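K.L.:
Got a structure here, written out as structure tokens. Questions coming.
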Amino acid sequence: MKRRLLMIPLLLACLLFAAATFAQEGIRFRSNSLAALKQQAIAEKKLIFIDCYTSWCAPCKWMDHNVFTLPAVAEQYNRNFINARFDMEKGEGMEIRKQYTVSSFPTYLFVDANGKLVYRSGSRMSAEEFMTVGENANDPAKGLASLQQQYDNGKRDMQFMLDFYSVLHHYDRNKQERIGEEIVSNFPEEQLNSALGWKAIRLLARTDEDRLGGWFMKHQADFKPFARQGEIDTMANRLTTSLLFGYMRDNKDELFWKRIDFFRKSTMPARKKEGLMMEAEFYLARKDFDNYIRVANAGLKGVLNDDPDKLSFLARRSGSRGVVEPKTLPVSYAMAKRAVVLDPKEYSTQSTLAQICLEMKRKEEGLEAAKKAYALAETSKIEKIVQQLIDQLNAL
């Protein structure tokens, strides 16, 4: 009896270890040629899923660590597909890249046993979105050929049109744009206040002056049943920011200053930050460096003081690679230094400080930051970029 009791914890430990091992295993990618994968697809009556990646692709690595390893994702893909992955810059991956016209990474291909492309998607996405991709790939009605046939036969309901629009993103951007224009023009107003309307707005609203964006801005509270408040706020920010950039581009300064009050007069800290970033961008675009320095210093001492990402971004925009005149370098340096204090283990903060130190001829400090950036680099491509920076600093 005592021996049996002692065996129970051991058995539980083994089961927990097995579960942990399965969770860590994630999607099982097979190390085979495409020809061998096709034979396996015939034998198992499955589609082939191909993860098209490169060694330097940060979104590819993010998917590796945060999505492909999840048990629910692994279970779905291991059950339904022959899974493979190819580096698009090496070996057979180069041929696959050419054959299927892969131009961005990651790209996800779903091909049949004959090598015919059945479904295509890509980019960094959530686990839920990636699992939906897998579901769509296994549904013949969601494939491009079927969607095109349904469209040609006159199908125009908005759920179908949005599905067609989303799939075209990875096949034909020009056709996708035409379908998008058709959706925006024809989406029934009485359906905008719905989950489907929210999907259309997320996909197709560009500024608060277009049809979908303008409707959303006037009816934000109506979307609370379909979206979290944070998502609603983010959409409003995105539409307004896009509008302001358009005003900057078209030299509509009076309209810019009128509409930026959306951010400047907000009580939300995130919007106050965005307003200051937009002001700084405006002054840089107009080469009004005195006002830029004033705004940047105000941000450094105020709303941006605890935000390493925005401080580092502004520092890069105004103080690296000779983008603007030298008078902005002191405030850029101060922002970059503060960003490193706040987030010393982030590659971008260290590399930004190193670049600005190069511009200011601060050799030793720049080398220290550049070496830290090199150690934090996640890909060989980024390492090469930082090494060039180190070489330039050593040459001072």
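K.L.:
Is there a residue being free of Cβ contacts under 8 Å to residues at least 60 places away in the same chain, touching a Leu at 6+ places or on another chain (Cβ under 7 Å) and open to solvent by 50 Å² or more (accessible area, probe 1.4 Å) anywhere in the range 271-287?
P.N.:
No, the conditions are met nowhere in the range 271-287.
K.L.:
Going through ALA41, ALA35 one at a time, which residue ends up being surrounded by 16 or more Cβ atoms within 10 Å (Cβ to Cβ), of a type in the set (Gly, Ala, Ser), in a helix (DSSP H, G or I) and modelled with pLDDT of 85 or more?
P.N.:
ALA41
K.L.:
Would you check which residues across the range 67-83 are assigned to a strand (DSSP E or B) and of a type in the set (Val, Ile, Thr) and list them? Lay out the reasoning, then the answer.
P.N.:
Step one: filter the range 67-83 for residues assigned to a strand (DSSP E or B), giving 81-83.
Passing the criteria: only ILE82.
For every residue, the table says whether it meets (1) of a type in the set (Lys, Arg); (2) farther than 24 Å from GLU279 by Cβ; (3) open to solvent by 70 Å² or more (accessible area, probe 1.4 Å).
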position: GLU209; (1), (2), (3): no, no, yes
position: TRP215; (1), (2), (3): no, yes, no
position: ARG228; (1), (2), (3): yes, yes, yes
position: TYR247; (1), (2), (3): no, no, no
position: ASP250; (1), (2), (3): no, no, yes
position: LYS258; (1), (2), (3): yes, no, yes
position: SER266; (1), (2), (3): no, no, no
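K.L.:
Mind telling me which of the residues ASP139, ASP172, ASP157 ends up being under 21 Å from the mean Cα position of the chain (by Cα), surrounded by fewer than 20 Cβ atoms within 10 Å (Cβ to Cβ) and more than 16 Å from ASP51 (Cα to Cα)?
P.N.:
ASP172
K.L.:
Follow-up. Can you pull out every residue in the range 52-66 that is hydrophobic (A, V, I, L, M, F, W, C), at pLDDT 95 or above and either under 21 Å from ALA377 (Cα atoms) or in a helix (DSSP H, G or I) (or both)?
P.N.:
Hit for the range 52-66 is MET63, nothing else.
K.L.:
Please determine, by comparing only the residues of the range 84-119 that are of a type in the set (Gly, Ala, Ser) and in a helix (DSSP H, G or I), which one is most open to solvent (accessible area, probe 1.4 Å).
P.N.:
My answer is GLY91.
K.L.:
When residues of the range 233-286 are filtered for being under 17 Å from PHE313 (Cβ atoms) and among the β-branched types (Val, Ile, Thr), how many remain?
P.N.:
1
K.L.:
Something else: Just the residues that are assigned to a helix (DSSP H, G or I) and either more than 21 Å from TYR292 (Cβ to Cβ) or not acidic (Asp, Glu) (or both), please, taken from the range 305-324. Explain how you work it out, then say what you get.
P.N.:
First, the residues of the range 305-324 that are assigned to a helix (DSSP H, G or I): 308-319.
Listed by number, the residues that qualify are PRO308, LYS310, LEU311, SER312, PHE313, LEU314, ALA315, ARG316, ARG317, SER318, GLY319.
K.L.:
Please tell me if PHE262 is among the aromatic types (Phe, Trp, Tyr) and farther than 28 Å from GLN220 by Cβ. It would help to see each step written out before you state the result.
P.N.:
Working: among the aromatic types (Phe, Trp, Tyr): yes; farther than 28 Å from GLN220 by Cβ: no.
Considered against the rule, which asks whether it is among the aromatic types (Phe, Trp, Tyr) and farther than 28 Å from GLN220 by Cβ, PHE262 comes out as no.
K.L.:
Now for a separate question. Do the conditions hold for GLY180, that is, is it touching a Lys or Arg at 6+ places or on another chain (Cβ under 7 Å), open to solvent by less than 40 Å² (accessible area, probe 1.4 Å) and farther than 22 Å from GLU75 by Cα?
P.N.:
So GLY180 fails the test.
K.L.:
Suppose we filter LYS345, LYS327, LYS371, LYS337 for residues that are open to solvent by 20 Å² or more (accessible area, probe 1.4 Å), of a type in the set (Lys, Arg), without any contact (Cβ under 8 Å) to a residue 60 or more places away in the chain and not in a helix (DSSP H, G or I); which single one remains? Steps first, please.
P.N.:
Details: LYS327 fails: not in a helix (DSSP H, G or I); LYS371 fails: not in a helix (DSSP H, G or I); LYS337 fails: not in a helix (DSSP H, G or I).
So the residue among LYS345, LYS327, LYS371, LYS337 that is open to solvent by 20 Å² or more (accessible area, probe 1.4 Å), of a type in the set (Lys, Arg), without any contact (Cβ under 8 Å) to a residue 60 or more places away in the chain and not in a helix (DSSP H, G or I) is LYS345.
K.L.:
Pairs, please: C-beta under 7 Å, at least 6 apart or cross-chain, first residue closer than 12 Å to GLU189 by Cβ and in the range 204-218, second of a type in the set (D, E, K, R) and crowded, with 19+ Cβ neighbours inside 10 Å?
P.N.:
Note: pairs meeting the criteria are GLY214/ASP208.
K.L.:
Kindly indicate whether VAL295 is modelled with pLDDT of 95 or more, under 30 Å from MET248 (Cα atoms) and not basic (Lys, Arg).
P.N.:
On the way: modelled with pLDDT of 95 or more: yes; under 30 Å from MET248 (Cα atoms): yes; not basic (Lys, Arg): yes.
Here the answer is yes, as VAL295 does meet what is asked.
K.L.:
Across the range 138-171, what is the number of residues that are at pLDDT 95 or above and among the small types (Gly, Ala, Ser)?
P.N.:
1
The values are calculated or read from the model by the stated rules, or taken from the named source; none is laboratory data. Computed from a predicted model, the values in this text were never measured in an experiment. Don't worry about glycine lacking a Cβ; one is built from the backbone with ideal geometry, like all the others, and counts go over all protein chains shown. With ligands, DNA and RNA removed, areas are computed over all heavy atoms of the protein, side chains included. Shrake-Rupley method; radii C 1.70, N 1.55, O 1.52, S 1.80 Å.
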